[in-house]
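What follows is a set of notes on a single structure, which appears directly below.
The values are calculated or read from the model by the stated rules, or taken from the named source; none is laboratory data. Here the structure is a predicted model, which is why all the values come from computation and not from measurement. As a convention, Cβ positions derive from the backbone with ideal geometry for all residues, glycine included, and neighbour counts pool all protein chains shown. Ligands, DNA and RNA are excluded from the accessible area calculation, which covers all protein heavy atoms including side chains. Shrake-Rupley method; radii C 1.70, N 1.55, O 1.52, S 1.80 Å.
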Amino acid sequence: MTPDATAISATYRAEVAHPDTVAMQTFGFWIYLMSDLIIFATLFATFAVFSRSYAGGPAGKELVDLTYLLGETLFLLCSSVTYGLVMLAVHRGKKKWVLLGLVVTFLLGLGFVSMEIHEFYGLVAKGYGPDRSAFLSSFFTLVGTHGTHVTFGLIWMAVMMGQVAVKGLTSPVQSRLMRLSMFWHFLDLIWIGIFSLVYLMGVV
């Protein structure tokens, strides 16, 4: 066997993940998600405690534009649907459809983050920053932490686009796409909680 063929063979063997390794990686990622869930649970509890601590500042109903928030929510929920289609394409070995689905999901997620940044900028411009009251501090912390997670998810997604394009749908790449799917759907569930507790309850 030539040196080039040996290198290619070694690369191929490195790309084929052992089933036990994939299972352990998935289990480890579940542990990470559970630790992340504890963080968000703490932030939800903190917001609940300070949700009426306005310190003379604005209340939730004075800040919420449900029409705007509905559009923001649709961006994220639709991105969850498109990522589900990505995983269907992964199982069928459709590389082009996987890439297309990742691009669409990325753009929808980017739209969500852009709207959230615009929302934060508008609040700060009005003098309603996180230092205005305990309510706003807990609001910015909870919603901003979720937005930061979505941003890291987008970076991860961009990396996976490159891996799919270069390496194809190898076993390790599929495993990473599955873990990204778990992370992305987890963020959708957290957002539903934020939308219900922070925004809808704020209006009520």
### Task
Those residues that are free of Cβ contacts under 8 Å to residues at least 40 places away in the same chain and charged (D, E, K, R), I need them from region 126-167; list them, please.
126, 131
### Query
Would a scan of region 135-155 turn up a residue that is at pLDDT below 90, closer than 19 Å to residue 55 by Cα and in contact with a Ser or Thr (Cβ under 7 Å, 6 or more places away or on another chain)?
yes
### Message
Can you pull out every residue in region 35-52 that is in a helix (DSSP H, G or I) and either open to solvent by 90 Å² or more (accessible area, probe 1.4 Å) or among the acidic types (Asp, Glu) (or both)?
### Response
36, 38, 49
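What about residue 65, is it at pLDDT 80 or above and open to solvent by 50 Å² or more (accessible area, probe 1.4 Å)?
In short, yes.
Looking at region 114-130, is at least one residue polar (S, T, N, Q) and open to solvent by less than 30 Å² (accessible area, probe 1.4 Å)?
No: zero hits.
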### Summary
Subset of region 139-185, residues of a type in the set (Val, Ile, Thr) and open to solvent by 40 Å² or more (accessible area, probe 1.4 Å), comes to 141, 148, 151, 155, 159, 166
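Anything in region 53-74 that is more than 21 Å from the chain's Cα centre (by Cα) and not in a loop (DSSP other than H, G, I, E, B)? List them, or say none.
Correct list: 60, 61, 62, 66, 67.
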### Summary
Flagged pairs (Cβ under 6 angstrom, 6 or more apart or on separate chains; first in region 79-98, farther than 12 Å from residue 174 by Cβ; second hydrophobic (A, V, I, L, M, F, W, C)) are 79/108; 82/104; 83/184; 97/89
